[in-house]
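Following: one structure in structure tokens, then a few remarks.
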Amino acid sequence: MTITARPYRDLSDFKEMQAVLTAGRQAANHAYYVHPGDLSWWLFYTDENLRDKICLWEWNSRLAGWSLLSTSSRTFDVFVTPEMHGRSFEAKIMLWAEEFHASTLKNLHSRDIRTMWVAETDLSRIHWLEMRGFLPSPQGMFLMQRSLESDLPGIKMPQGFQVRPVAGEHEVRLRAAASHAAFGSSKSFEDYCPRMLRFMQSPVYRPENDLVTVSPEGRFASFCLLWPDPVTRVGLFEPVGTHPAFRGRGLGKAVLAAGLQRLHDLGMTQTSVCVESDNFSAARLYESMGFKKSFRLLTYEKPL
Ligand SMILES: CC(C)(COP(=O)(O)OP(=O)(O)OC[C@H]1O[C@@H](n2cnc3c(N)ncnc32)[C@H](O)[C@@H]1OP(=O)(O)O)[C@@H](O)C(=O)NCCC(=O)NCCS
């Protein structure tokens, strides 16, 4: 067996990395594979240049897995094709990613190293992590899912509001204002806007899948970005938010209802969203739209 590793090169690598995720999701092998839309979001929205921190792992010259390191979140992520899951190939990549990243993080005086997206059902990965001294953090996430095949909720809007897709890059400041406030970004708005513009100019952004509710005076109140996956026909919501000035008025529900309808119209049969285990308001919002918690996604951490 010959294993080789190489850095990320271009969009064709991105597509191949997404194909690893899709194959994993189709295999339903108790491991968790993030949605291909998550990868789009990480690589093209995040400030940190994550594309420089990717390794593509080939086995006999075919892509069999990839790893991604992030210094800002102190995490390493490893995804391998379903055939490689639980085998020594996966353990080798995990070990390399942990050791390489731990040495970078130590130089940066980080307190710990983490890995996320561990399904509570993925016993082989959990076993490996526990053997290496990792422990599950009390924090984690829930995967919430909903069928799109029936009972789509109607869109109820407060008077004077409308729901529509973002019209294009010229609306970047309106779009950024809603997102900046919804997530309480620590960046100044003037630093935040260029990041949103970069994302809107990236090859993965489709304004028709970026839905917003608009107030009578033209402000963007709530938003959701949709990531359809034509292979598995599961559409992802990432991210979702409501500007604090507009919360508690049903605008989160309204934009989600429009998103469910759009994903259905695009041929998706299922939808999913990940929610932090302590984000009760978001969990409540998704439950009120018919989503149910499917399973926990654990974060494992180890002190450095
Ligand atoms: C979560 C969030 C989008 C809710 O938006 P919103 O526009 O206020 O939500 P809505 O008014 O449409 O309310 C939807 C449902 O959630 C419930 N809800 C909303 N906020 C809540 C809160 N703080 N506590 C309890 N329930 C809450 C509402 O009661 C309603 O349920 P109901 O129809 O059964 O009464 C908003 O709080 C937000 O932007 N949070 C920060 C960003 C975030 O966490 N995004 C989600 C990431 S997964």
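Just a few scattered comments:
- 20 Å Cα-Cα threshold exceeded, pairs from 15/292; 15/302; 53/293; 15/53: 15/292; 15/302; 53/293
- Filtered GluC sites (Glu not before Pro), the stretch 102-185: DSSP coil and at most 15 other beta carbons within 10 Å: 120, 149
- Amide H to amide H distances under 5 Å link residue 241 with 223, where only residues 5 or more positions off or on other chains count and H is placed in the peptide plane.
- Gain upon complete extension [residue 191, residue 72; 0.36 nm per residue less C-alpha separation]: 41.1 nm
- Rounded tilt (10° steps) of 88-107 against the dominant C-alpha axis of the chain: 80 degrees
- Inter-site label distance for residue 107 and residue 151 at 7 Å from Cα along Cβ, in nm: 5.4 nm
- When you filter the trypsin sites (Lys or Arg not before Pro) in the stretch 66-113 for DSSP loop state and at most 11 other Cβ atoms inside 10 Å of their Cβ, you are left with 111.
- With Cα atoms, 0 to 90° folded angle of helix 36-45 axis to the chain main axis: 80 degrees
- Heavy-atom SASA rank of 30, 109, 243, 264 (probe 1.4 Å, accessible area, largest first): 109, 30, 264, 243
- Net charge of Cβ neighbours under 12 Å - reference residue 210; Lys, Arg +1; Asp, Glu -1: 0
- Total formal charge among the other residues, if their Cβ is under 14 angstrom from that of residue 39, Lys/Arg +1 and Asp/Glu -1: -2
- Extension gain, residue 100 to residue 83, is 3.6 nm, computed as 0.36 nm per intervening residue step minus the present C-alpha separation.
- Ranking by accessible area, most exposed first, for 278, 77 with a 1.4 Å probe: 278, 77
- Compared with the dominant principal axis of the Cα atoms in the chain, helix 189-200 is inclined by about 80°.
- Rounded percent of accessible protein surface that carbon and sulfur make up, the chain, 1.4 Å probe: 52 percent
- 157, 131, 196, ranked by accessible area, largest first (probe 1.4 Å): 131, 157, 196
- Filtered GluC sites (Glu not before Pro), the stretch 198-304: DSSP coil and at most 16 other beta carbons within 10 Å: 217
- Per residue accessible area of the stretch 150-268, 1.4 Å probe, in Å²: 45 Å²
- Shape index of the stretch 3-141: Rg/Rh, with Rg the Cα radius of gyration and Rh the Kirkwood radius from the inverse mean 1/r over Cα pairs, equals 0.93.
- Volume of the Cα convex hull of the chain, divided per residue and given in Å³: 132 Å³
- Residues in the stretch 3-141 average 45 Å² of solvent-accessible surface per residue, probe 1.4 Å, ligands and nucleic acids excluded.
The values are calculated or read from the model by the stated rules, or taken from the named source; none is laboratory data. Quick caveat, the model's predicted, so the values are computed rather than measured. Reconstructed Cβ throughout: ideal geometry from the backbone, glycine too, with neighbour counts over all protein chains shown. Areas reflect the complete protein model, heavy atoms only, side chains present, ligands, DNA and RNA absent. Shrake-Rupley method; radii C 1.70, N 1.55, O 1.52, S 1.80 Å.
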